[in-house]
Amino acid sequence: MTLTVVGSVAFDNIRTPSASRENILGGSATFAAFAASFFSPVQMVGVVGGDWLPEHTELLKGRGIDTEGIEVVKEGKTFRWTGKYLDNMNDRETIDTQLNVLSDFKPKLPKSYRQTKYLFLGNGTPSSGLETLDQIDGADLVVADTMDLWINIARVDLEQLMRRIDGLVLNDSEAKLLTGETNTITAGRRILDYGLTFVVVKKGEHGAVFLSRDEIYAIPAFPTENVIDPTGAGDSFAGGMFGYIASQNGKITPETIKNGLVYGTLIASFCVEGFSVEQFQKIDRNAIEERRKKFKQIASF
Ligand code: AMP
């Protein structure tokens, strides 16, 4: 079943201790859509500026992503983000954020997207998430990602959004910031109190924890030594997980959740092995299944 992905589309400048790249394709919607496309059809909603080139659209279409929902504001510039990774390749600093066309982005869903059953709201302003929800005719499953910026500057909108969605994906530090709790599980439970069905707390290289009222599952990250650029790992994890769940008709059963966590983890491990989406252009479902076998050996006991 088709998954609709809404979020940022970006040109990123990335600095790691060993290499740097300028103006590479990024953004929450880009990573999530690429990741999900290995499991289900994807339609993407975002905004770009006049600096967006046909080759960027072709890159997305190359993975079968429906790009009708990407609005081009010719007189504007695409959102730009500059990030610098510390020596541990896990912690990063935001050096610069230029919202550009994202600053007054009002998502416009093409008519054909409005019946969508599965909606992923990638990292973006909570108000754009609310505006998206107002345009769909009711979905079976809506999941959103968020970040510290929105917890700090748009908390009221974020809380409103949390009351209208089924699942929230966020980093460990963000879950703690949102709730004031210091324990991940307690923070997750407090977030569920907003009326969510589930919360997924991402812990970077330490994996992720899934929480619902009745279940807790923890999954380690796939141990990879070849970390080139961690940008987009979180969005890829969420996109891969939700893409898999959408391919299973949105069923939230222990089996689909666990498999979703596994596929999200595997897709994120490929993401970090290159800059931007370059690894996603090199792999196919077979490569993912091969890595799944290795992961099973490593993680089962
Ligand atoms: P991740 O590493 O999964 O947290 O995602 C990194 C991506 O998020 C980069 O490609 C950025 O372009 C994008 N990003 C960074 N800051 C923001 C923001 N404030 N709003 C939306 N997207 C952002």
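The numbers here are math on the coordinates, done by the rules we state, and not lab data. Predicted model only: the values in this text are computed from it and were never measured. Methodologically, a virtual Cβ is constructed for each residue, glycine included, from the backbone with ideal geometry; neighbour enumeration extends over all protein chains shown.
Pairs of alpha-carbon atoms within less than 8 angstrom and 6+ residues apart define the contacts here; what relative contact order does the stretch 7-109 have, in percent? List each step's numbers first, then the result.
Details: 216 pairs, mean separation 30.3, N = 103.
Relative contact order of the stretch 7-109: 29 percent.
Dipole check for the stretch 15-127: with +1 at the C-beta of Lys and Arg, -1 at the C-beta of Asp and Glu, and the Cα centre as origin, the magnitude is about 360 Debye.
Once backbone amide H atoms are built at 1.01 Å from N, Leu3 has Val42, Gln43 as its partners under 5 Å, excluding neighbours fewer than 5 places away on the same chain. In order along the stretch 13-22, the Karplus-derived 3J(HN,Hα) couplings, from 6.51 cos²θ - 1.76 cosθ + 1.60 at θ = phi - 60°, round to 10, 10, 10, 10, x, 10, 7, 9, 9, 10 Hz, and Gly and Pro are given as x. For the stretch 103-127, the residues whose amide N sits under 16 Å from a probe point set 7 Å from the Cα of Val156 along the beta carbon direction are 126-127. Summary of packing: across the peptides 200-212, 39-51, the per-residue average of other C-beta atoms within 10 Å ranks them, highest first, as 39-51, 200-212.
Counted over the stretch 7-299, the DSSP beta bridges are approximately 45% antiparallel. Semi-axis lengths, largest first, of the ellipsoid equivalent to the chain are 25, 23, 20 Å, with √(5λ) applied to each eigenvalue of the Cα gyration tensor.
A protection proxy built from the mean count of other Cβ atoms within 10 Å ranks the segments 131-143, 278-290, 257-269, 235-247, most packed first, as 235-247, 257-269, 131-143, 278-290. Projecting the Cα atoms of Pro110, Ala218, Ala10 onto the dipole axis of the chain, where Lys and Arg carry +1 and Asp and Glu carry -1 at the beta carbon, places Ala218 farthest toward the positive end.
With contacts taken as Cα pairs under 8 Å and at least 6 residues apart, the stretch 45-99 reaches a relative contact order of 35 percent. Along the axis of the charge dipole computed for the stretch 7-299 (Cβ charges of +1 for Lys and Arg, -1 for Asp and Glu, origin at the Cα centre), the listed residues Gly240, Ser276, Thr256 are led at the positive end by Thr256. Only helices enter this figure: runs of n ≥ 4 DSSP H residues, each worth -39500 (n - 2.57), summed and divided by the residues of the chain, yield -10500 deg cm²/dmol at 222 nm to the nearest 500. To the nearest Å, what is the center-to-center distance of the stretch 172-209 and the stretch 51-125, using C-alpha atoms only? With the stretch 172-209 and the stretch 51-125 each reduced to a Cα centre, they are spaced 25 Å.
For the chain, hydrophobic long helices are taken as DSSP H runs at least 15 Å long by C-alpha position along their axis with mean Kyte-Doolittle hydropathy of 0.5 or more; these are 233-247, 254-271.
The mean sequence separation of alpha-carbon pairs under 8 Å and at least six residues apart, normalised by the residue count of the chain, gives a relative contact order of 18 percent.
Would you kindly state how much longer the chain becomes between Thr97 and Glu55 on full extension, computed as 0.36 nm times their sequence separation minus their alpha carbon distance, in nm to one decimal?
Values: separation 42, 0.36 × 42 = 15.12 nm, distance 2.38 nm.
Result for the pair: 12.7 nm of gain on full extension.
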